[in-house]
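Heads up, the thing below is written out as structure tokens.
The values are calculated or read from the model by the stated rules, or taken from the named source; none is laboratory data. It should be emphasised that the depicted structure is a prediction, and the values quoted were computed from it without experimental measurement. Cβ placement follows ideal geometry from the backbone for every residue including glycine, while neighbour counts extend to all protein chains displayed.
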Amino acid sequence: MADEPTRLIQIGPKGGEKKDGFNLVTEKVVAVNPEAKQLEVELLAYDGKTVVLEVAEEALEDLKKIKVGDGATIRVVEEGGKRVAKSFRIRSKDPDTAKADAMLADLKDSHWLNRKYAVEILGDLREPRAVPPLIEALTDEVGDVRQRAYDALIKLGAISVPPLIPLLVSEEDELRQSATEIMRKIGKPAVEPLATALADADDRLKSRILKVLDRMGYKPKAKDNLPAEKAKVTSA
């Protein structure tokens, strides 16, 4: 936790001193320090910036209940140039979000069984943040982990497709084939992101995308070289 509260502009409506206070909503408590009577929270729409708040005496019991990672709505009053938290409404971290955080960390575990378990759980949770590391897991040294990553990306559906598209021109046959089959098994939800990618694809990638669409039973309606226009596709 920082030694001094961060000086921020306009975290309350229209900025300036708010004698009656304002509600500060945070999705993440960063640090809790009951001894110093301080709370550090992440600010929405400030790219991860945080602010340290002094905590009023009447809110110290609530301060002891709040945990790092919780979300909260905090009633803040400006007193003597400081922002003081007068009360809290705590939103405990969603259990699935907490589990996803743990599994994302376990994807880097040195033991393959832990990586395998993490991949399976992230697929079951349909966790969007897992897409990039799951794609990376397609090249895991252990085949069982690779297969579980393949299955998890299918479960995640359309959000898996845009970052998979560049793999259609991978020099690694297995990776290229995995990307193709994942998108094919995702099915109809994969069609729109594939069609969208045609507009900016080079000739090689465009050819591969069209092959995937063809295998899925879809054909472009219009010429693929229309500038800055998403190709329209229709089922064959």
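Descriptive notes on the structure:
- Exactly one residue out of Ile121, Ile90, Ile159, Ile135 is closer than 30 Å to Lys28 by Cα and over 21 Å from the mean Cα position of the chain (by Cα): that is Ile90.
- Just one of (1) among the aliphatic types (A, V, I, L, M); (2) at pLDDT below 90; (3) assigned to a helix (DSSP H, G or I) fails for Val25. It is (3).
- Residues considered: Ala195, Ala179, Ala149, Ala158. Of these, the only one that is at pLDDT 95 or above, over 24 Å from Lys108 (Cα atoms), small (Gly, Ala, Ser) and assigned to a helix (DSSP H, G or I) is Ala158.
- In segment 51-77, the residues that are of a type in the set (D, E, K, R) and surrounded by fewer than 16 Cβ atoms within 10 Å (Cβ to Cβ): Glu57, Glu58, Glu61, Lys64, Lys65, Lys67
- Pairs where the first residue, in segment 75-103, is within 13 Å of Leu122 (Cβ to Cβ) and the second is of a type in the set (Ser, Thr, Tyr) and part of a helix (DSSP H, G or I), C-beta under 9 Å, 6+ apart: Met103/Tyr117
- Qualifying residue in segment 44-56 (condition: among the hydrophobic types (A, V, I, L, M, F, W, C) and either closer than 29 Å to Ile165 by Cβ or touching a Cys at 6+ places or on another chain (Cβ under 9 Å) (or both)): no
- Of the residues making up segment 198-210, those that are in contact (Cβ under 8 Å) with a residue 12 or more places away in the chain and not in a loop (DSSP other than H, G, I, E, B) are Leu198, Arg204, Leu205, Lys206, Arg208, Ile209, Leu210.
- Unique residue being touching a helix residue (DSSP H, G or I) at 6+ places or on another chain (Cβ under 9 Å) and touching a residue at least 24 places away in the same chain (Cβ under 8 Å) when the list is Ser170, Ser160: Ser160
- Every listed requirement among (1) among the small types (Gly, Ala, Ser); (2) under 30 Å from Ala100 (Cα atoms); (3) in contact with a Ser or Thr (Cβ under 8 Å, 6 or more places away or on another chain) is met by Ala59 save one, (2).
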